[in-house]
Amino acid sequence: MLRYALVSGSHHSQYALLLLALPSLAHSQERLLKEVEIRETRATERIELDQPSAVGSRIGLTPRETPASVEILDQETIQRLGARTLTEAMALAAGVTTGVPGGAPGVVSMRGLTGNAITYLFDGTRIQGAGMTARPMDSWNFERVEILRGPASVLYGGGALVGAMNFVPRRPNREVATAETLVSYGSFDTLRTAAGIGGALG
């Protein structure tokens, strides 16, 4: 609440404006809000921490047990994020950058280094050169991609200065019969179709 008062001087005809500010006394009233209940189901995406990884250990340790940064991109994650080729799938990993120059295999960079500074494995077996994995291969053909970030020369010898990648191809399941299909449509009339079936014959 503001109050104003005009006070005249004794020797002058001027008036001085005196501002008296009095704090307003507002009584706060308590309000009870309605009870809110939040429910959410667990997301379908999962972090593969308890699945043994060949890229991070040679003795079957899981990423949870490995004292290094290991990331696993399974087939569900790769397709959900729209990675069509193996080069695009590698780019989904944290700290990995890829590019596809015209008329040449894709280029993979990890922590600022490329080429032989990264070790590439195909189903746990080391392969020479990045050109074999940087060719345009459809991501549907792989079960998962495992990425080890950090020096891995202790595991793989020379090279592996910044990390290693292991590409695990699809395998048939001889215990449970499975059937999968993929239909994808994108910009510029891009169409992808794939199908897979697995199981024991007898």
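Being over 13 Å from Met165 (Cβ atoms), touching a strand residue (DSSP E or B) at 6+ places or on another chain (Cβ under 7 Å) and of a type outside the set (S, T, N, Q): is that true of Arg84 here?
For Arg84, the condition - over 13 Å from Met165 (Cβ atoms), touching a strand residue (DSSP E or B) at 6+ places or on another chain (Cβ under 7 Å) and of a type outside the set (S, T, N, Q) - is met.
Please find, among Glu175, Glu143, the residue that is acidic (Asp, Glu) and modelled with pLDDT of 85 or more.
Glu143
Residues in the stretch 169-189 that are in contact with a helix residue (DSSP H, G or I) (Cβ under 7 Å, 6 or more places away or on another chain), assigned to a strand (DSSP E or B) and among the charged types (D, E, K, R): how many?
Selection size over the stretch 169-189: 0.
Just to verify a result, which residue in the stretch 69-92, among those that are under 25 Å from Gly158 (Cα atoms) and touching a residue at least 60 places away in the same chain (Cβ under 8 Å), is surrounded by the most Cβ atoms within 10 Å (Cβ to Cβ)?
So, considering only residues that are under 25 Å from Gly158 (Cα atoms) and touching a residue at least 60 places away in the same chain (Cβ under 8 Å), the one surrounded by the most Cβ atoms within 10 Å (Cβ to Cβ) is Met90.
Would you mind telling me which numbered condition in (1) at pLDDT 70 or above; (2) out of contact with any helix residue (DSSP H, G or I) (no Cβ under 8 Å at 6 or more places or on another chain) Leu25 fails?
(1)
For the stretch 119-135, enumerate the residues that are touching a helix residue (DSSP H, G or I) at 6+ places or on another chain (Cβ under 7 Å) and modelled with pLDDT of 75 or more.
Answer for the stretch 119-135, where residues must be touching a helix residue (DSSP H, G or I) at 6+ places or on another chain (Cβ under 7 Å) and modelled with pLDDT of 75 or more: Thr119, Tyr120, Arg126.
Having 3 or more residues that are in contact with an Asp or Glu (Cβ under 9 Å, 6 or more places away or on another chain) is the bar; report the helices (runs of 4 or more DSSP H) wholly within the stretch 63-168 that clear it.
75-80
Can you run down the residue pairs with Cβ atoms below 8 Å, 6 or more apart or on separate chains, where the first is in the stretch 138-153 and more than 19 Å from Thr119 (Cα to Cα) and the partner is of a type in the set (Gly, Ala, Ser) and assigned to a strand (DSSP E or B)?
Once the first residue is more than 19 Å from Thr119 (Cα to Cα) and sits in the stretch 138-153, its partners that are of a type in the set (Gly, Ala, Ser) and assigned to a strand (DSSP E or B) give Asp138/Ala194; Trp140/Ala194; Trp140/Gly196.
If you check Val36 against the conditions, is it closer than 30 Å to Gly186 by Cβ and either at pLDDT 70 or above or basic (Lys, Arg) (or both)?
No: the conditions fail for Val36.
Of the numbered conditions (1) at positive phi; (2) out of contact with any strand residue (DSSP E or B) (no Cβ under 7 Å at 6 or more places or on another chain), Gly95 fails exactly one; give the number of that condition.
Here Gly95 meets the rest and fails (2).
Among (1) surrounded by fewer than 14 Cβ atoms within 10 Å (Cβ to Cβ); (2) over 22 Å from Gln75 (Cα atoms); (3) within 21 Å of the chain's Cα centre (by Cα); (4) of a type outside the set (Gly, Ala, Ser), there is one condition Leu201 misses while meeting the rest; what is its number?
(3) is the only condition that Leu201 fails.
Does the stretch 179-187 contain any residue that is under 26 Å from the mean Cα position of the chain (by Cα), over 14 Å from Gln75 (Cβ atoms) and touching a residue at least 12 places away in the same chain (Cβ under 8 Å)?
Yes: one or more hits.
The values are calculated or read from the model by the stated rules, or taken from the named source; none is laboratory data. In this text, all values refer to a predicted model and were calculated from it rather than measured experimentally. Cβ sites come from the backbone with ideal geometry, for glycine too, and all protein chains shown count toward neighbours.
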